[in-house]
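For reference, the structure discussed in these notes is given below.
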Amino acid sequence: MVVLMLVFLLAGAVSHADVIVKSKSIVDMGGMMSSQSDGVDNIKGDKSYNSMTTRMTGGMAAMFNKGKPKEMVTITRLDKGLFWNLDPERKSYKETTLEEMKKQFADVK
């Protein structure tokens, strides 16, 4: 319930987005795995809301999750230096600071 409230409150901040980008991706790996992803990015200044739904459509991966779609949501607030990754199915989220993100990228070098 808290996650859904967080989504609605923060999504409202970008409901009048400057830019809306819709995307669709289809991947076919020769019968082993096929997937389809649909996404929407709402961007307004230093705030963004990204929703991506992925469905395994073929191969062994589709058998394991029975074609059930998986939704992931990312909310970015650069003005606050925060990122939230939401998992609506599990009703959970992970908060990451901009400093933590910078450190992760620095460690990759």
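Nothing in this text is a laboratory measurement; each read-out follows from the coordinates by a stated rule. The model shown is predicted, which means the values in this text are computed figures rather than measured ones. Every residue, glycine as well, gets a Cβ built from its backbone with ideal geometry; the counts of neighbours run over all protein chains shown.
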FRET efficiency, 1/(1 + (r/R0)^6) with R0 35 Å, evaluated for residue 66 and residue 97 via beta carbons:
0.45
Can you give the relative contact order of the stretch 2-108 as a percent, counting alpha carbon pairs under 8 Å and 6+ residues apart?
20
So which of 66/91; 66/103; 68/103; 66/102 end up more than 31 Å apart, counting from Cα to Cα?
66/103; 68/103; 66/102
